[in-house]
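Let me begin by presenting the structure, written as structure tokens, before commenting on it.
The values are calculated or read from the model by the stated rules, or taken from the named source; none is laboratory data. Computed from a predicted model, the values in this text were never measured in an experiment. Cβ placement follows ideal geometry from the backbone for every residue including glycine, while neighbour counts extend to all protein chains displayed. The area values use the complete protein model at the heavy-atom level, side chains included, leaving out ligands, DNA and RNA. Shrake-Rupley method; radii C 1.70, N 1.55, O 1.52, S 1.80 Å.
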Amino acid sequence: MMNKEKLSIITVNLGLFYNIILSLIKTFFGIVGHSTSLLADGINSTSDVVYYIAVKILLKIANKPADKEHPFGHKQMESIASIVIAAFIITTAIAIAWNSLNTLIDFIGGNEPHKNIRLITLYIALFTFISKIFLSIYTMNIGKKTNNPAIQALASDHINDIYASSAVIIGIFFAINNIYWVDPLAGIVVSVFILKTGVEILKKSTNEMMDIAPTDEMQNIVNNCANRFDDNITIESILSHRYGNHYSLNITIGIDGELSMNQADNLADRFEKELLSKDDDLKYAFIHYHPRK
């Protein structure tokens with residue numbers, strides 16, 4: 001089976017290739033086809049290309065092995081890559097909203113000439129819509145397999161692009177039928193979807209880097225493993241530290257105070273091995289024990 005790092009790199013390369021193609025054709029036909037919303041979506045794809053390149057660089061660093069200065073490895077770069085993605089998405093959303101709003105105001109005020117939007121722009125928007133459905137499904141599946149926050153962020157961005165493309169299709173359709181103001185309005189709608197996705201990715205990524213409370217899944221793994229020891233272990237506290245798709249646990253357990261030091265050590269070692277066998281992403285389990293209260 002292909003390892004998680006290779007799957008992540010292939011997914012990023014595929015997304016980068018598609019976004020280069022989409023950015024070129026959407027920007028070009030948005031200009032020559034006189035579609036504000038398609039041009040806005042083209043700018044969005046252009047920003048996608050920039051942050052995909054940034055993600056490639058950061059994921060390459062993330063795959064470096066642990067060293068003296070980074071004993072836990074470099075996996076935290078995956079979360080940093082997610083924050084980079086979020087920053088680009090939010091910035092793009094603001095730029096698109098500003099440009100589209102100005103164009104809409106000009107249309108309403110009669111200061112923007114009504115240029116006939118070409119039918120080819122509708123075909124380009126439909127092609128984008130179909131492409132992003134494929135990319136979102138593929139990237140989402142890889143994100144689940146690798147548990148890589150950067151890949152999951154890219155999947156969210158692809159889903160966001162599906163909504164954005166839908167708004168572009170609607171805007172162009174109305175503009176072709178001489179209802180021109182809907183096209184820049186669609187550009188504003190596109191920016192709202194983009195902004196929403198950027199904020200959600202930023203929130204998720206910062207939470208991962210701030211070591212928030214263990215997830216329900218983590219707690220269930222710990223409690224289920226403890227139950228295998230016939231009430232010899234009482235879970236008193238669970239702390240987690242995440243770095244990329246990996247994490248470590250610091251667990252305090254209560255044990256029978258009558259146990260010898262060797263017996264207590266043996267119990268803690270068995271519990272640690274049991275935990276590590278349950279999740280490939282769990283790399284370290286630090287067990288602290290003391291007499292049960």
Report in % the part of the accessible area of the chain that belongs to carbon and sulfur, leaving out ligands and nucleic acids; probe 1.4 Å. 63
At a probe size of 1.4 Å, how large is the accessible area of Ile235, to the nearest 10 Å²? 50
Do me a favour and compute the ellipsoid semi-axes for the chain from its Cα gyration tensor, root of five times each eigenvalue, largest one first, whole Å. 51, 17, 14
Determine ³J(HN,Hα), in whole Hz, for all residues of the range 26-43 in sequence, where each value follows from phi through the Karplus function 6.51 cos²θ - 1.76 cosθ + 1.60 and θ = phi - 60°; x replaces Gly and Pro. 6, 5, 4, 6, x, 6, 6, x, 6, 10, 5, 5, 5, 5, 4, 5, x, 5
Kindly report, to the nearest 10 Å², the accessible surface of Phe88 as traced by a 1.4 Å probe over protein heavy atoms only. 70
In terms of solvent-accessible area of protein heavy atoms at a 1.4 angstrom probe, what is the ranking of Ile105, Ile201, highest value first? Ile105, Ile201
Quick one: length gained pulling Ala87 to Leu276 fully straight, 0.36 nm per residue minus the C-alpha distance? 64.6 nm
Calculate for the chain the 222 nm mean residue ellipticity that helices alone would give, adding -39,500 (n - 2.57) per DSSP H run of length 4 or more and normalising by residue count, nearest 500 deg cm²/dmol. -24500 deg cm²/dmol
Could you give me the ³J(HN,Hα) list for the range 150-165, computed from phi with Karplus coefficients 6.51, -1.76, 1.60 and θ = phi - 60°, whole Hz, x at Gly and Pro? 5, 5, 5, 5, 5, 4, 4, 5, 5, 4, 4, 5, 5, 4, 4, 5
Taking the chain as a Gaussian network, where each spring joins two C-alpha atoms under 10 Å apart, which residue of Arg242, Arg118, Arg228 fluctuates the most? Arg228
Pull up all non-local amide H partners of Ala285: gap of 5 or more, or a different chain, and H-to-H distance under 5 Å with H placed in the peptide plane. Leu249
Debye log10 I(q)/I(0) for the range 118-258, one point scatterer per Cα, at q = 0.12 Å⁻¹: -0.66
Computed FRET value (nearest 0.05) for Asp256 with Asn224, which takes r as the C-beta separation and R₀ as 30 Å: 0.90
The simple spin-label model distance between Ser237 and Ile133, using points 7 Å out along Cα→Cβ, in nm, is 5.2
Treating only the Cα positions of the range 175-293 as identical point scatterers, give the base-10 log of I(q)/I(0) from the Debye formula at each q in 0.18, 0.19, 0.20, 0.23 Å⁻¹. -0.92, -0.99, -1.05, -1.25
Suppose all protein chains stay in the model; what accessible area per residue would a 1.4 Å probe give for the chain, in Å²? 51
